[in-house]
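Engineer: Before I ask anything, let me first share the structure, which is written out below as structure tokens.
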Amino acid sequence: MSERTPVIAGNWKMFKTNTEAAAYVAEFLALVVDAGPVEIVLCPPFTCLEAVRRELADGRVRVAAQNMHFEAEGAYTGEVSAPMLKEIGVTDVVLGHSERRQYFCENDADLARKTSTALAAGIRPILCVGESDREREAGGTNDKLKGQLEGGLAGISADQLPEMLIAYEPIWAIGTGKTATPEIAEETIAFIRGALAGQFGPQAARRVRILYGGSVNPGNIGELMKAENIDGALVGGASLDAAGFARIIRFKEA
Ligand code: PEP
């Protein structure tokens, strides 16, 4: 049994106004307040971050931004920086989600800067990596992941690795309803842990938590969480419903 505390994170993407977020949080908190030893993270849009953090003031739930710039301030229209997030109590930041890589041209060099900046600011990065269906079919999954890990973690030390989270999110499983089987998810996450051991040493790799993401729902979380190397889930669509997301968080009770 792993000593790593499970983490379940809900990525709302570009969903929910402040009004909708307030209704969600009121319902959600009551459903998870007595959930067992699992770390809970909500990732609302920027506009809801402060309100959600305030509503969750007891600290049971961590609050993550979905992106962040690597500079502290400057002429970067439309961007938000680490000090701005830190000031409003944001604890985590999702970096390198495949939608950001695809639609906003984020690359590994940007992500290396963002990862280091977040850690230096005391914000926990959740670095996403994952292959496309074409890359998997062509046998290129491991090379793709290794490249993303070496690139996105270029600036961090072995001591810093366990302070962050890695999310393995195969692009073919995101928002498609096509979850990776527990066997594929475990095999790939075990590969990621091995690659991290090569990059940072076995001790750091053993401690870092690696989440699976891609069409996770209340029906499949239990099997995924039985796998030795899967330390939690990054949940998109199924996190938008408070009751459903609470069921995912309480996966041990199902
Ligand atoms: C995600 O957005 O990170 C995600 C995994 O989405 P979904 O759960 O909807 O596949």
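Engineer: Using only the Cα atoms of segment 1-86, construct the convex hull and provide its projected area averaged over every direction, in square nanometres to one decimal.
Structural biologist: Mean projected area for segment 1-86: 6.9 nm², to one decimal.
Engineer: Which whole-number percent is the relative contact order of the chain (Cα, under 8 Å, 6+ apart)?
Structural biologist: Relative contact order comes out at 21 percent.
Engineer: Report the label-to-label distance for Ala190 and Asp34 in nanometres (one decimal), using points 7 Å from each Cα along the Cα→Cβ vector.
Structural biologist: A separation of 3.8 nm, rounded to one decimal place.
Engineer: Starting from the 7 Å offset along Cα-to-Cβ, what nm value, one decimal, do you get for the label separation of Glu3 and Lys178?
Structural biologist: My value for the distance between the label points is 3.9 nm.
Engineer: Ok, one more. Could you pull out every one of the lysines with an alpha carbon less than 30 Å from that of Lys226, ignoring same-chain neighbours closer than 8 positions?
Structural biologist: Lys13, Lys144, Lys146, Lys178, Lys252
Engineer: Quote the relative contact order of segment 38-95 in percent (integer), defining contacts as alpha-carbon pairs under 8 Å separated by 6+ residues.
Structural biologist: 38
Engineer: Given a cut-off of 19 Å, what percent of all Cα-Cα pairs of segment 1-146 lie beyond it?
Structural biologist: Everything past 19 Å amounts to 57 percent.
Engineer: Please report the relative contact order for segment 112-231, taking Cα pairs under 8 Å with a sequence separation of at least 6, and give it as a percent rounded to a whole number.
Structural biologist: 28
Engineer: Counting other Cβ atoms within 10 Å, which trypsin sites (Lys or Arg not before Pro) in segment 147-254 have at most 16 and lie in a DSSP loop?
Structural biologist: Listed in order of number, the matching sites are Lys178, Lys226.
Engineer: In segment 21-128, which chymotrypsin sites (Phe, Trp or Tyr not before Pro) fall in coil by DSSP and have 16 or fewer other Cβ atoms within 10 Å?
Structural biologist: Answer in residue order: Tyr76, Phe104.
Engineer: Could you work out how much longer the chain between Arg60 and Glu27 gets when fully extended? Use 0.36 nm per residue separation minus the Cα distance between them, nm to one decimal.
Structural biologist: Result for the pair: 10.4 nm of gain on full extension.
Engineer: Expressed in nm to one decimal, what extension gain is obtained for the pair Ala109 and Glu228 from 0.36 nm per residue of sequence separation less their Cα-Cα distance?
Structural biologist: 39.8 nm
Engineer: Something else now. On a full-extension model of 0.36 nm per residue, what is the gain between Glu71 and Glu150, subtracting their alpha-carbon distance, rounded to one decimal in nm?
Structural biologist: 26.3 nm
Engineer: Kirkwood hydrodynamic radius, the chain, all distinct C-alpha pairs: what's the number in Å?
Structural biologist: 18.1
Engineer: Are there GluC sites (Glu not before Pro) in segment 177-254 that DSSP marks as loop and that have at most 16 other Cβ atoms within 10 Å, and which are they?
Structural biologist: Glu228
Engineer: Each residue of segment 74-88 in turn: what ³J(HN,Hα) in whole Hz from Karplus with 6.51, -1.76, 1.60 and θ = phi - 60°, glycine and Pro shown as x?
Structural biologist: x, 7, 10, 3, x, 9, 9, 10, 4, x, 5, 6, 4, 4, 9
Engineer: Also: Semi-axes of the equivalent ellipsoid for segment 146-254, please: Cα gyration tensor eigenvalues, times 5, square-rooted, ordered largest first, whole Å.
Structural biologist: 26, 14, 13
Coordinate-derived values only; no laboratory data. Keep in mind that this is a model prediction, so the values were computed, not measured. Ideal geometry is used to build each Cβ from the backbone, glycine not excepted, and the neighbour counts take in all protein chains shown.
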